[in-house]
Amino acid sequence: MKAAVWKDYHVVEVQEVPDPQISEHEVLIKVWAAGVCATDLEVISGRFIYGAPPHVLGHEIAGEIVQTGSAVTTRRVGERVVVETSVGCGHCEFCRRGDRHLCPEMTEIGFTPHWGGYAQYVKAPAENLFVIPDNISYDEAGIIESTVCPVGGLMRLGVHFGETVLVYGVGPAGIAFIQGAKAMGAGRVIAVARSEERLRRAAGFGADYLICSKTEDVRAKVLEYTDGKGADLVCEAAGSPETILSACACARRSGRIILYGIPDRDKPLTLPYTDIIMNQLEMYGVVGNPHVWEPLLQLASSGRFNLRDMVTAAFPLDRIGDAMRLMEDPVHKPIKVVVHPWES
């Protein structure tokens with residue numbers, strides 16, 4: 001099969017490699033769309049160490065089942081599926097309760113040792129697959145993994161009807177927070193970012209108020225929009241020390257803060273502990289959530305969560321280098337880009 005192989009840091013080559021061989025509990029998937037994730041770009045460049053080359057990356061995967069293992073009874077050939085990529089040990093307390101993404105031995109499809117979706121075929125455990133609704137395209141399903149963590153965080157904490165939700169960052173995660181919050185009953189969503197162009201794009205996905213942190217006083221605007229109270233729920237998806245501190249300053253007393261964006265390790269961060277304590281703020285870290293895939297697919301199928309307009313561009317696998325360069329373009333930075341392994 002054809003695959004984009006991460007050969008060395010800063011080096012990805014499309015070449016012929018052996019087809020995956022499945023075990024009795026696995027299925028073989030023909031990959032029709034794979035989302036390009038910013039995490040993969042960090043890994044390829046060495047800015048984020050997660051496994052080592054040579055390897056086939058790609059953890060946002062949608063395709064068609066073409067073969068099932070001898071022990072697989074829950075999936076069948078021909079089904080259109082999306083891949084939940086967390087692979088747990090299967091026997092720890094987290095795996096037993098369905099939280100394999102928290103398994104101490106968790107590995108992930110797309111990262112060592114599991115080859116990922118930048119290839120024509122990928123294998124996965126049958127239990128990691130969810131059927132794609134008929135009215136959801138492969139491209140839409142191929143990027144849903146990038147929205148699962150944010151929406152899963154919202155599902156874990158809950159969005160109370162009529163609450164004000166403040167979102168920092170309007171990349172894929174920020175847009176997922178915006179859409180998820182609106183779908184769950186938020187009264188108003190405030191989006192914060194440095195780019196006015198990207199803020200306008202966020203408005204198209206449901207943001208009610210826009211704050212440009214480059215030119216406006218974020219806290220003053222948040223207080224203006226919330227009658228001086230602050231936001232009930234703050235979602236931090238930008239991942240900088242400045243936005244995390246701002247999130248603490250903009251949450252109302254007894255407010256909740258979701259931490260999703262990861263700051264650079266070389267940037268120091270000192271939290272305002274006194275304010276957190278005296279204002280009785282609740283802070284939560286969020287990561288993957290296997291429980292959100294099915295309801296999120298149904299939310300998208302019903303039209304209440306827009307995946308289609310999050311897909312900005314598509315490239316054949318042979319042009320994965322162009323796809324990655326577009327993802328890093330500071331001027332025309334897209335929301336999401338997908339590659340099609342079977343196109344030339």
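List of remarks:
- The residue pairs whose first member lies in region 318-340 and is charged (D, E, K, R), whose second member is open to solvent by 50 Å² or more (accessible area, probe 1.4 Å) and not in a helix (DSSP H, G or I), and whose beta carbons are closer than 8 Å, counting only pairs six or more residues apart or on different chains, are ASP318/VAL14; ASP318/SER344; LYS336/THR312.
- Only a single criterion out of (1) touching a Cys at 6+ places or on another chain (Cβ under 8 Å); (2) not in a loop (DSSP other than H, G, I, E, B) is not satisfied by VAL43, namely (1).
- Hits in region 1-40 (condition: over 22 Å from LYS336 (Cβ atoms) and outside any strand (DSSP E or B)): MET1, TYR9, HIS10, VAL17, PRO18, ASP19, PRO20, GLN21, ILE22, SER23, GLU24, HIS25
- Enumeration of residues in region 183-197 that are open to solvent by less than 70 Å² (accessible area, probe 1.4 Å), over 17 Å from TYR260 (Cβ atoms) and not in a loop (DSSP other than H, G, I, E, B): ALA183, ARG188
- The criterion of at least 3 residues that are open to solvent by 20 Å² or more (accessible area, probe 1.4 Å) is met, among strands (runs of 3 or more DSSP E) falling completely within region 93-173, by 121-125.
- Check on ALA238, assigned to a helix (DSSP H, G or I) and of a type in the set (Gly, Ala, Ser): no
- Residues in region 293-315 that are touching a helix residue (DSSP H, G or I) at 6+ places or on another chain (Cβ under 7 Å), more than 25 Å from HIS332 (Cβ to Cβ) and not aliphatic (A, V, I, L, M) were compared, and the one that is least open to solvent (accessible area, probe 1.4 Å) is TRP293.
- Residue in region 12-25 that is surrounded by 14 or more Cβ atoms within 10 Å (Cβ to Cβ) and of a type in the set (Ser, Thr, Tyr) present: no
- Apart from one condition, GLY255 fits all of (1) free of Cβ contacts under 8 Å to residues at least 60 places away in the same chain; (2) small (Gly, Ala, Ser); (3) over 27 Å from GLY303 (Cβ atoms); (4) outside any strand (DSSP E or B); the exception is (4).
- Flag for GLY321 being exposed (fewer than 15 other Cβ atoms within 10 Å of the Cβ), farther than 25 Å from LEU259 by Cβ and in contact with a strand residue (DSSP E or B) (Cβ under 7 Å, 6 or more places away or on another chain): yes
- Which numbered condition LEU317 misses (of (1) among the aliphatic types (A, V, I, L, M); (2) at pLDDT 95 or above; (3) over 22 Å from GLU108 (Cβ atoms)): (3)
- Residues within region 258-285 that are in a loop (DSSP other than H, G, I, E, B) and without any contact (Cβ under 8 Å) to a residue 40 or more places away in the chain, tallied: 14
- Sub-6 Å Cβ pairs linking a first residue in region 215-235 that is of a type in the set (Phe, Trp, Tyr) to a second residue that is crowded, with 20+ Cβ neighbours inside 10 Å, at least 6 apart or interchain, are TYR225/ILE190, ordered by first then second residue.
- Flag for THR215 being among the hydroxyl-bearing types (Ser, Thr, Tyr) and surrounded by fewer than 17 Cβ atoms within 10 Å (Cβ to Cβ): yes
- Sole exception among (1) modelled with pLDDT of 95 or more; (2) open to solvent by 20 Å² or more (accessible area, probe 1.4 Å); (3) not in a strand (DSSP E or B) for HIS59, by number: (2)
The values are calculated or read from the model by the stated rules, or taken from the named source; none is laboratory data. Remember, it's a predicted structure, so these values are computed and weren't measured experimentally. Because the Cβ atoms are built from the backbone with ideal geometry, glycine has one as well, and the counts that use them run over all protein chains shown. Note: areas computed on protein heavy atoms with side chains; ligands, DNA, RNA excluded. Shrake-Rupley method; radii C 1.70, N 1.55, O 1.52, S 1.80 Å.
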